[in-house]
1. Among the residues of region 225-237, which ones are surrounded by fewer than 18 Cβ atoms within 10 Å (Cβ to Cβ) and either under 15 Å from PHE273 (Cα atoms) or touching a Ser or Thr at 6+ places or on another chain (Cβ under 9 Å) (or both)?
2. Yes or no: region 257-278 includes at least one residue that is within 15 Å of the ligand (Cβ to nearest atom), among the charged types (D, E, K, R) and either closer than 30 Å to ASN299 by Cβ or modelled with pLDDT of 95 or more (or both).
3. If you go through region 353-374 one residue at a time, how many are in a loop (DSSP other than H, G, I, E, B) and touching a Gly at 6+ places or on another chain (Cβ under 9 Å)?
4. Would you check which residues across region 375-387 are more than 16 Å from the ligand (Cβ to nearest atom) and either in contact (Cβ under 8 Å) with a residue 40 or more places away in the chain or assigned to a strand (DSSP E or B) (or both) and list them?
5. Out of the residues in region 103-116 that are surrounded by 14 or more Cβ atoms within 10 Å (Cβ to Cβ) and not in a loop (DSSP other than H, G, I, E, B), state the one that is farthest from the chain's Cα centre (by Cα).
6. Criterion first (in the same structural domain as GLU47 (by TED's automatic domain parsing), loosely packed, with under 13 Cβ neighbours inside 10 Å and of a type in the set (A, V, I, L, M)) does ALA125 satisfy it?
7. Please note which strands (runs of 3 or more DSSP E) are completely contained in region 28-87 and include at least 3 residues that are surrounded by fewer than 23 Cβ atoms within 10 Å (Cβ to Cβ).
Amino acid sequence: MKNKRGMPRNEAATRVDHAYATAPRRRPQQIEFAGATPAGLAIQGIEVCQAIQSVENSVTLIADKATLVRVYINQASVRSATKLRGEITLRTSEQGPATYVPAINELDLDPVDGTTLVDKRDTMAASLNFRLPASSTRAGKLMVEINRVTQKGGEDQPLTGTRMTSATFVSAAPLRIRCLGLRYRDGATGKTHTPDAVHFTYLRSYLERAYPVPSVIWSQVVVDADFSAPFSDDTVVQANMQIAAIRSSDVNSGVDPRTHYFGLVDDANGANFMRGRAMGIPAMPQPDTVASGPCGVPNGFAGDNDLSYADWYGAHELGHTFGRYHPGFPAGQQDASDPAFPYQNGQLSNADRKYVGYDLGDGVLGMPLQALSGTDHHDVMTYADQQWICAHTFEAIRIRLKEEDEQFAPAIA
Ligand SMILES: [Zn+2]
């Protein structure tokens, strides 16, 4: 009997046994530490990140939301370039059992690299990164400790600086969305336009990633619109009136009254662009405020080059339904109806780069984990390019959602 490679079977078996019997021995070179005593890898910071964060972890963490821990190590603490791996432990109480989590990446630490901690925060590869298991993001306190940092195949390295931080996860309300695709006929071409599935999917994913929510309770359906193309300035008003009527009927038949309704109108490759609008900007919790917006392929619209702009555009209109106004950027293009907006140019952060946006990605849609520079990205309530959510908007929507969740909870029969 011969195996596939043409060797007698027992010889192949012997080789396999041999390969399994001895692990390869490749010991890394010992790290030489530089500078301060005691010698060791100097920890610069431990950041617990969701959609937006500062290195002091000042932004509220939402319980049961995807969370990433970043550990920064000072490259000046080694004399030559080295590759590091790491492991953290998670505990909900001092004496409680630990959950051990390995880093998802290997960190290149090079003493000639001049990047500061502020620079590193804008680059995911400049830290050891850990995705927290869902069981570790329940409401309450979590102690995050760096358990070990090693070279590949090497020993635990001595660490200096603070190797532990504690985080508090706060219970938050889910986001309830019913998304209606409004199918319309174009009178000029005789064609009918329906939003592609990708637009619903992108909007849902963006809300899940950027909004201060543990989850999005989502449903979608396509209905025939009460209007047709060509559009006028009134089209969005008609769209919102139709959505409000559907919502009212649905809520009367038992749909959760905390559900926000949103309409998607396909732009027919730019031929029929319906500018989005919310029916109001309620000062008090009012989940019956509906909104609608356009959807289509962005082709660079507001710096977006992926498959859909329905995501940030829809998140903006829904932001209005949670009482969010316009920060006023770019100046001259947007009214400044939110005078409390704290960051220059509508950015996620001022020039101090205190805040960095984090998009933890979407595996199903092939979206990677990304750090979003706080000075290159802009709040979702602006009209500026590269939109994400800033801490000001994140906290305000979190509080509004909580109020809606309490005030509009359906009576239990
Ligand atoms: Zn707006």
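1. Passing the criteria: SER228, PRO230, SER232, ASP233, ASP234, VAL237.
2. Yes; the residues of region 257-278 include at least one that is within 15 Å of the ligand (Cβ to nearest atom), among the charged types (D, E, K, R) and either closer than 30 Å to ASN299 by Cβ or modelled with pLDDT of 95 or more (or both).
3. Number of matching residues: 6.
4. GLN386
5. This residue is LEU109.
6. Here the answer is yes, as ALA125 does meet what is asked.
7. The strands (runs of 3 or more DSSP E) meeting that bar are 41-49, 68-74.
Yes/no matrix, rows are residues, columns are (1) in contact with a Ser or Thr (Cβ under 6 Å, 6 or more places away or on another chain); (2) surrounded by fewer than 17 Cβ atoms within 10 Å (Cβ to Cβ); (3) small (Gly, Ala, Ser):
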| residue | (1), (2), (3) |
| --- | --- |
| GLN333 | no, yes, no |
| SER337 | no, yes, yes |
| PHE341 | no, no, no |
| TYR358 | no, no, no |
| GLY363 | no, yes, yes |
| GLN370 | no, yes, no |
| GLY374 | yes, no, yes |
| TRP388 | no, no, no |
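The values are calculated or read from the model by the stated rules, or taken from the named source; none is laboratory data. Because the structure is predicted, anything quoted here is derived from the model rather than measured. No Cβ is skipped: glycine too gets one built from the backbone with ideal geometry, and neighbour counts run over all protein chains shown.
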